[in-house]
Amino acid sequence: MRVGRHKQPEIRDRILNACVDHALAHGLPDRLEPFVKASGSSTRMLIYHFGTRDALLYETLRRARQRQRLFYGSLLSARQDEPYLVTLRRAWQAMTGPEGRPYLSMFGRLREDTEQQLWPTFKREATTDWLQPLEDGMRTVGRPELATLVLAAIRGLIMDIEATGDTPRADRAFDDFLAALALMTATGRTATGAS
């Protein structure tokens, strides 16, 4: 009687990380071949470890999102040695720069996918992911309720960059937003109360 091999989590993890690296650099593939090549594996091994192509794509997106949460979460976290609006400026530069851009490309395409078959709850999760670190950061300037406004500005300008590719214009707009935010936090006025 033949005993089946036990799946090895470390091999699955190595394959998944290679697939994530490939997807961040090149986008999600239509076929498994690019993942086969990137992972140094075989189609049979990918199916063995992940079941189906869609399951592998979903796991790839989830792992990439994990990485993005860690990266962006550390960028948006308040620092004792720096005013939070300075932290936001530095975070914006990293998020829209070479290290952050692959995440924006991957998840921007997923957000535009009207069917959302691979990850049906993605839009909602992606909308609320960054609220907590932003609330914590804005609390350091006495205005945690402005986190939603900050998130909306960041998301809107990121969508602008994705649509136009005009990063310098979006950078200037973000600087203008930070200047307005500085006034709001200094004077205690809300955006709706300002005349």
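No value in this document is a laboratory result; all are computed from the given coordinates. Source: prediction; values computed, not measured. Glycine gets a Cβ as well: all are built from the backbone with ideal geometry, and neighbour counts include every protein chain shown.
Packing-wise, with mean Cβ within 10 Å as the measure, how do 69-77, 133-141 rank, highest first?
Top to bottom by mean Cβ count within 10 Å: 133-141, 69-77.
Go through GLY137, TRP92, ASN17 and say which Cα lies farthest out towards the positive end of the charge dipole of the chain; charges sit on Cβ, +1 for Lys and Arg, -1 for Asp and Glu.
Comparing the listed Cα positions along the dipole, ASN17 ranks first.
Mind putting a number on the dipole of the range 9-187 about its Cα centre? Charges go on the C-beta only, +1 for Lys and Arg and -1 for Asp and Glu, and I need it in Debye to the nearest 20.
Roughly 360 debye, rounded to the nearest 20.
So what is the relative contact order for the chain, in percent, with contacts set as C-alpha pairs under 8 Å and at least six apart?
Relative CO of the chain lands at 17 percent.
Given the -39500 (n - 2.57) contribution per DSSP H run of 4+ residues, what per-residue ellipticity at 222 nm results for the chain, rounded to the nearest 500 deg cm²/dmol?
-22500 deg cm²/dmol
Equivalent ellipsoid semi-axes for the chain, as square roots of 5 times the alpha carbon gyration tensor eigenvalues: give them largest first, rounded to whole Å.
They are 39, 17, 14 Å, listed largest first.
Below 11 angstrom from the Cβ of TYR72, what's the summed charge of the other residues (Lys, Arg +1; Asp, Glu -1)?
Computed value for this residue: +1.
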